[in-house]
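Have a look at the structure below, then the notes.
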Amino acid sequence: MNALADKHVKVITGNAAAAHGARLCRPDVVAAYPITPQSEVVEQLAKWHADGSIDCEYVTVEGENSAQNVVCGASMAGSRAYTATSSYGLVYMYDAMLNTAGYRAPVVMVNVNREPPGIHAVCSGQQDMICVRDSGWVQLIAENCQEILDLSIQAFRLAEDHGIQLPVILNYDGYYLSYLAEAVNIPSVAEVDDYLSILKTQPKRPTLIPGQGIGCGSHGIGPGFVEARKKHMDALDRVYQMVDDIDAEFDQAFGRGYGGQLEAYRCEDADIILVTSGSAVGTARTVVNARREAGIKVGLVKIRLFRPWPIQRLARVLKGKKAIGILDRSLCFGWGCGPLHMETKAIIPTIGEFIPMLGFIDGLANMDITKEHIDKMIDDIYSASKGNSYQEVTWLP
Amino acid sequence: MAAKIKKLPKVCDYFQNEDQFSSGVAYCAGCTLELHARMVSKIMGKETVIVGTPSCSAPVLNGQNAAAWHKMGHYACTMTGVASSATGLTRAYQKAGTDATVVCFTGDGCAQDIGFQTLSGAAERNEKMVYICYDNEGYMNTGIQRSSATPYSVATSTTPVGKARKGKETGSKNLPLIMSLHDIPYVATATLSHLEDYAKKLTKAKEKSKEGFAYVHVFCPCLVGWKIPMDSSIQVCRAAVRTNFFPLWECEDGKYKITKEINKPKPIADLTQLMGKYNHMDEQMLANFQQIVDRRFNVLQTLCSI
Amino acid sequence: MGFIKENEKCLCETEACWSYSDKLLLCLDTSSWRTQRPVVDYETCNCCGLCFVFCPPQCITEDGEKFTPNLDFCKGCGVCAKECPKGAIKMISEGEYADECPSR
Amino acid sequence: MSAKEIRLHGRGGQGAVMAAKMLASAFAIEGKAVATFPMYGFERRGMPVIAFTRFDTEQILEKTQIYTPDLLMVIDPTLLSLPTLFDGLKPGGVLILNRDKPLADHPSENLEKVGVVNATHIALCEIGRDIPNTCLLGALVKTTGWLNLTSLLTALGEYLDGSMLEKNIRNATRGYNETEVQTWDL
C-alpha cells in the first residue's frame with residue numbers, strides 16, 4: 001500500500017483531492033459559492049490563491065447561479081474554467097447550466113452529491129445529479145479520493161477535447177467521500193501538464209475575442225437550432241470512446257486506470273451482477289469478494305459515466321447473466337424505482353434478452369449502505385437467478 | 001438661401017467608431033432604444049464585448065445562426081446572468097492580458113428584478129465593466145408587464161386599471177441610487193434628449209471601468225408600452241428631465257453631482273400628459289405622484305450637497 | 001434536413017451557435033415599414049444637425065453640405081421632424097409617392 | 001496486525017475530526033492503508049461529533065460507518081454518559097478517555113483496556129486552550145502500541161506548523177507519558 005514515505009502521497013479528504021485535481025490542471029478562472037459538503041473545495045482553492053500558489057482569477061460570487069455564469073463566460077472567452085457545488089447550489093445554477101451546455105463551454109464542475117431541496121437534509125444522496133441529468137452535460141462519478149483527483153484531471157482532458165467540447169460534472173458522494181481522508185497520490189503539475197498537452201496540439205475552439213466581430217450564443221433559427229442540438233448529441237456519442245481512451249492514456253501516464261465508462265469487477269464468469277456507483281462500490285467490492293469465496297458467482301459493475309449512459313458496454317457485460325441487481329442512491333420519480341435501475345431497464349433491447357432486474361434503493365440522506373444491506377441484495381438477486389419470484393424494487397433499510 | 005453644414009453637434013465629438021449596427025434592425029420605428037444602442041456602439045470603442053439578455057434588444061444584439069446584426073463582440077446570456085457572465089468574460093480577459101471593454105446592455109427587468117442579485121454582486125466585487133441599464137419602466141418585450149422600475153400609478157398588463165385598482169400601487173425602485181451605495185467608481189443617469197451629457201457619461205464610464213464597476217442608468221421610453229406617438233419619444237425624455245422625474249446626475253468616486261440643473265422644474269403633469277399610460281390619473285393620484293418625485297429629488301439634492 | 005448527415009455542409013461551422021459579422025451582416029428592409037417620409041425644406045433648414053443626432057436608426061447622412069434622410073432605411077417615425085427647431089422637416093404620407101419607383 | 005476500526009467521540013470545536021485525520025496520517029507514515037471520515041450535519045460548536053478511522057495492511061475498500069469498533073476515543077469526558085457510546089465495541093476493546101481520574105467500574109463487558117489521561121488539563125497547560133485531541137492521540141499510542149510515537153509526532157507536522165506544532169508535540173508527548181492504563185480480564 002501507499003505510504004507517506006513517498007512524498008507524493010498524502011492523507012487528504014475527497015474535497016481536498018478535488019481541489020488538488022483542479023489546481024493541477026491550472027484553471028484560469030475559478031468561481032464558486034460555498035455549500036456543505038463542498039465548502040472545503042472552495043476554501044482550499046481560496047487558500048492557495050491567497051498564498052499565490054495558484055495563478056488564476058478567483059471569483060467569490062454571490063450565489064451558484066452566478067458561479068455557473070462566470071465559468072461559462074470565462075470559458076467562452078478562452079479560459080480554462082472550474083467550479084464546484086452541491087445539491088441546492090447545483091439546482092440553483094440550472095438555467096445557467098443549460099446555457100453552458102448549449103454554448104458547448106468545456107467547463108469542469110465538481111458536484112458533491114447531497115440531497116437536494118424538498119425534504120431538508122444536509123446529507124449524502126445522489127438525487128442532485130439526477131435533477132440535472134438532462135442538461136446536456138457529461139456526468140462522471142468517482143468511487144474514492146484517489147479517483148476524485150484522477151477523474152478531475154481526466155474531466156478537463158475530456159471537456160476540452162476538440163471532438164467533445166462539452167461541460168463535465170464530476171460527482172462524488174458527500175460525507176462518505178467529501179470528508180473521507182485517504183492516502184492519495186498527488187501527481188506533479190509537470191506530469192499533469194504533460195498529460196493535458198495533447199489539447200494544445202488540437203485545433204483551437206472558437207473564443208470570444210474582442211474586436212473581431214464575433215458573437216456567442218446566437219439565436220438558433222429553424223434548422224440552425226436543430227443543427228446545434230444534433231451536434232451536441234453527436235458529441236455525446238463521441239464521449240463513450242473518448243472516456244475509454246483517456247482513461248487508458250491516464251493509466252499509461254500515471255499507472256492508474258479505472259476501466260473508462262464502467263468497471264466490470266469479477267463479471268466475466270458471473271451469473272449475477274450488482275450495478276451501482278460512487279462510494280457504495282467500495283463496500284460492494286468487499287461483499288462481492290466474500291460471497292465469491294463462499295461460492296456465489298457474483299460480479300459488480302461500477303458506473304463511472306452516467307451521462308451519456310454507457311449503453312453498449314453495459315449491455316455487453318450484462319448479456320447472458322441470470323439476474324441483475326441495481327443499487328440506487330436516489331429516486332426516479334415517475335418510474336417507481338431508482339434512476340440507474342430505470343436506465344438499465346432501458347437497455348434491455350440492446351442486451352437482446354430479458355433478465356430479471358431487481359432495484360434497491362439505499363443510502364438516501366446519509367443512510368449507510370452497509371455490508372449487511374449488500375449481502376441481502378446479493379441474496380435476493382441470487383434467488384431471482386434461480387427462477388424464484390422477486391420484488392422489483394426494495395427500499396433499504 | 002440654403003444653409004451649409006458648418007459643424008456637427010457636439011455629441012459627435014465623442015464618437016470613437018462608426019455605427020456598429022446593421023442599417024436595418026428590428027427596433028420599433030421611433031424607439032429610443034435604437035438610438036441608445038447605436039450611440040453606445042459609437043462611443044464604446046473597438047474592443048467592446050456587449051453582454052445582453054433576452055429583451056427588446058436580443059433580436060438585434062444576438063446573431064441568427066452564423067450571421068450577425070452588428071460588428072461588436074457579443075455574448076448572449078440568461079436574464080439572471082448578465083453581470084455574472086460579464087464577470088467571467090472580464091476575468092478571462094484580465095487573466096489573458098487581452099484589452100477589452102465589457103459592456104452589459106440590459107433592460108430594467110433584468111437589472112432591477114431578475115438579474116439584480118448578480119448586478120449587486122458584481123458591483124460589490126468591483127468587477128471592471130460598464131453596466132448600462134435602459135430603463136423602459138417595465139417588461140416591454142413580453143407584453144408591457146410591470147417591473148420594479150414601473151413608477152407609481154402606471155397602467156401595465158399586470159397592473160391594469162380596473163374598478164378596484166388603478167395601475168401600480170407602489171413606486172419604483174431607485175436603482176441608480178442603490179448602485180451608488182455600492183461604493184463603485186462611477187454611477188450616472190442619462191437620457192436621449194440630452195445627448196452630450198449622455199455621451200460624456202458613457203465616455204467616463206468606459207474610462208472608470210478600467211478601475212472598477214461603472215453603472216449607467218438610461219431613461220428609455222417605450223412607444224408601445226407607454227402609449228406615446230411614434231415621433232415623441234425624445235420629447236418624453238426631455239420632459240422627464242424638466243419635471244425632475246428623471247434628474248440627470250452622476251456619482252464619481254462617492255461625489256454626487258447633478259449634471260443638468262433645472263431652474264424651474266415643471267409639474268409632473270407635464271410629463272404624464274404626454275403618455276397614454278397615465279390617462280387614468282386623477283388629481284389625487286397626480287398629487288401623490290408629485291410627492292414621490294419631490295421626495296426622491298430632495299434625497300438626491302441632499303446627497304449632492306455633501 | 002440534409003445537414004444532419006455526416007460531412008455535409010452545416011449552417012454553423014462551429015459546434016455551437018457563433019455569429020460572425022464579417023461573414024454575414026444581416027439587414028432588414030426597414031424602408032418597407034414606412035407610412036410617411038421626411039422631406040426637408042432646405043430653404044428653412046439651418047443645418048443645426050439635431051435631426052442627424054436624434055434619428056433613432058441614425059439614417060440621416062451628411063456630406064458636408066446638407067443633411068439627407070436615407071430612405072433605404074428610414075422607418076418614418078418622424079422624430080426628426082418633431083425635433084427640428086426650424087420646422088424644416090415635414091412628414092409626408094407615402095401615398096403621395098406611391099407612383100414613384102422605389103428609392104432603391 | 002489486521003484491520004482496526006476506531007470511533008472518536010467529541011464535541012464540535014474540540015478537534016475530533018482533526019484528531020481522526022492526524023491518526024490516519026500517522027498510520028499512513030507506517031505504511032498502513034487508512035480511511036477516516038466524520039459524520040455530522042451542521043458544524044456547530046459543542047454539538048456531539050463522531051469520526052471514524054480505519055487502518056489496515058490491505059487496501060480499505062468499504063466506505064461505511066463503523067459499527068463494531070476496536071477502539072473508542074472519548075475526547076469530552078461528559079460524553080462518557082452517552083447511552084450508545086459502547087455500542088458494537090468488539091471483545092477486547094480499548095477506550096481512550098479524557099478524564100481527571102480512572103474509571104471506578106467496568107462500563108462495558110467487551111472493554112478490556114482503558115487509557116485515561118487528563119487531556120483537558122494538559123492541553124490548558126501546553127496550548128492554553130481546551131484542545132485535548134493531540135494529547136489523547138499520545139494516550140492511544142501508549143495504550144495500544146499500534147504505532148510509534150515518532151510517527152504520530154511526524155503526522156502532526158502535516159497539519160500544524162510553527163508554535164502550534166511545538167505545543168501539540170508537547171501535548172501529544174505528555175499524553176503518551178502521563179496515561180494511566182487500566183485493564184480488565186474478560
| task | May I ask you to verify whether B:Lys46 is out of contact with any strand residue (DSSP E or B) (no Cβ under 6 Å at 6 or more places or on another chain) and among the charged types (D, E, K, R)? | result | yes
| task | Select from the range A:161-176 the residues that are over 13 Å from A:Thr100 (Cα atoms) and either surrounded by 24 or more Cβ atoms within 10 Å (Cβ to Cβ) or of a type in the set (A, V, I, L, M, F, W, C) (or both) and list them in ascending order. | result | A:Ile164, A:Leu170, A:Asn171, A:Tyr172, A:Asp173, A:Gly174, A:Tyr175, A:Tyr176
| query | Here are A:Gly118, A:Gly125: which of them is part of a loop (DSSP other than H, G, I, E, B), surrounded by fewer than 21 Cβ atoms within 10 Å (Cβ to Cβ) and more than 9 Å from chain B (Cβ to nearest Cβ)? | reply | A:Gly118
| query | Which one of D:Thr68, D:Thr53 is modelled with pLDDT of 95 or more and out of contact with any Gly (no Cβ under 8 Å at 6 or more places or on another chain)? | reply | D:Thr53
| query | Does the range B:42-58 include one or more residues that are at pLDDT 95 or above, within 14 Å of chain C (Cβ to nearest Cβ) and surrounded by fewer than 24 Cβ atoms within 10 Å (Cβ to Cβ)? | reply | yes
| field | Answer residue from the range D:53-71, given it is in contact with a Ser or Thr (Cβ under 8 Å, 6 or more places away or on another chain) and among the acidic types (Asp, Glu) and is nearest to D:Ala24 (Cα to Cα) among those | value | D:Asp56
| query | From the set of residues in the range A:36-54 that are surrounded by fewer than 24 Cβ atoms within 10 Å (Cβ to Cβ) and in contact (Cβ under 8 Å) with a residue 60 or more places away in the chain, which is nearest to D:Ala19 (Cα to Cα)? | reply | A:Glu40
| field | Residue identified as under 30 Å from A:Ile361 (Cα atoms) and free of Cβ contacts under 8 Å to residues at least 12 places away in the same chain among A:Gly282, A:Gly257, A:Gly222 | value | A:Gly257
| said: Could you check the range C:64-91 and list, in sequence order, the residues that are over 17 Å from the mean Cα position of the chain (by Cα), surrounded by fewer than 21 Cβ atoms within 10 Å (Cβ to Cβ) and assigned to a loop (DSSP other than H, G, I, E, B)? | reply: C:Gly64, C:Glu65, C:Lys66, C:Pro85, C:Lys86, C:Gly87
| request: Could you grab the pairs with beta carbons closer than 8 Å, sequence gap of 6+ or different chains, first residue in the range A:153-165 and farther than 23 Å from C:Trp18 by Cα, second one modelled with pLDDT under 95? | output: none
| query | Just for the range A:148-207: of the residues that are polar (S, T, N, Q) and over 21 Å from A:Ser79 (Cβ atoms), which one is farthest from the chain's Cα centre (by Cα)? | reply | A:Ser188
| said: Looking at A:Val168, A:Val192, A:Val184, can you tell me which residue is away from chain D (no Cβ under 14 Å) and in contact with a strand residue (DSSP E or B) (Cβ under 7 Å, 6 or more places away or on another chain)? | reply: A:Val168
| query | Which pairs have Cβ atoms under 7 Å, sit 6 or more apart or on different chains, and link a residue in the range B:73-102 that is closer than 15 Å to B:Thr118 by Cβ and more than 7 Å from chain A (Cβ to nearest Cβ) to one that is crowded, with 24+ Cβ neighbours inside 10 Å and among the charged types (D, E, K, R)? | reply | B:Thr90/B:Glu127
| task | Find the helices (runs of 4 or more DSSP H) located wholly in the range B:229-306 whose residues include 2 or more that are of a type in the set (Lys, Arg), and list them. | result | B:233-242, B:283-305
| query | Given the conditions (1) in contact with a helix residue (DSSP H, G or I) (Cβ under 9 Å, 6 or more places away or on another chain); (2) more than 7 Å from every other protein chain (Cβ to nearest Cβ); (3) of a type in the set (Phe, Trp, Tyr), and given that C:Tyr97 satisfies all but one, which numbered condition is not satisfied? | reply | (1)
| said: Can you pull out every residue in the range D:1-40 that is within 12 Å of another protein chain (Cβ to nearest Cβ), surrounded by fewer than 24 Cβ atoms within 10 Å (Cβ to Cβ) and in a strand (DSSP E or B)? | reply: D:Ala33, D:Pro38, D:Met39
| strands (runs of 3 or more DSSP E) contained entirely in the range A:1-104, each with at least 2 residues that are under 23 Å from B:Ala123 (Cβ atoms) | A:29-31, A:57-59, A:81-85
| said: Being buried (at least 24 other Cβ atoms within 10 Å of the Cβ), assigned by TED's automatic domain parsing to the domain that holds A:Ala159 and under 30 Å from D:Lys63 (Cα atoms) is the requirement here; does A:Ala19 meet it? | reply: yes
| remark: Checked the range B:173-205 for anything closer than 18 Å to B:Asp135 by Cα and among the polar types (S, T, N, Q); matches are B:Asn174, B:Ser180, B:Thr189, B:Thr191, B:Ser193
| request: Go over the candidates A:Ile355, A:Ile324, A:Ile369 one by one and state the one that is buried (at least 16 other Cβ atoms within 10 Å of the Cβ), more than 20 Å from the chain's Cα centre (by Cα) and closer than 21 Å to A:Thr286 by Cβ. | output: A:Ile324
| Mind checking which pairs have a first residue in the range B:241-253 that is more than 14 Å from B:Thr302 (Cα to Cα) and a second that is of a type in the set (Ser, Thr, Tyr) and part of a loop (DSSP other than H, G, I, E, B), Cβ under 6 Å, 6 or more apart or different chains? | B:Leu248/B:Thr259
| request: Could you please let me know if B:Ala122 is farther than 30 Å from B:Met275 by Cβ, among the small types (Gly, Ala, Ser) and crowded, with 24+ Cβ neighbours inside 10 Å? | output: yes
| note | Filtering the range A:289-316 down to residues that are in contact (Cβ under 8 Å) with a residue 40 or more places away in the chain, part of a helix (DSSP H, G or I) and either among the polar types (S, T, N, Q) or buried (at least 23 other Cβ atoms within 10 Å of the Cβ) (or both) yields A:Gln312, A:Leu314
| Only one of A:Thr286, A:Thr207, A:Thr276 that is among the hydroxyl-bearing types (Ser, Thr, Tyr) and over 30 Å from A:Pro356 (Cα atoms) | A:Thr207
| Which one of the conditions (1) at positive phi; (2) surrounded by 24 or more Cβ atoms within 10 Å (Cβ to Cβ) does B:Phe105 fail to meet, given that it meets all the rest? | (1)
| message | Give me the helices (runs of 4 or more DSSP H) completely within the range D:73-186, filtered to those with at least 2 residues that are surrounded by 15 or more Cβ atoms within 10 Å (Cβ to Cβ) and of a type in the set (S, T, N, Q), ordered by residue number. | response | D:133-144, D:149-156, D:162-178
| Taking the range B:162-176, which residues are of a type in the set (A, V, I, L, M) and at pLDDT 95 or above? | B:Leu175
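The values are calculated or read from the model by the stated rules, or taken from the named source; none is laboratory data. Predicted model only: the values in this text are computed from it and were never measured. Please note: Cβ atoms are built from the backbone with ideal geometry, for glycine as well, and neighbour counts cover all protein chains shown.
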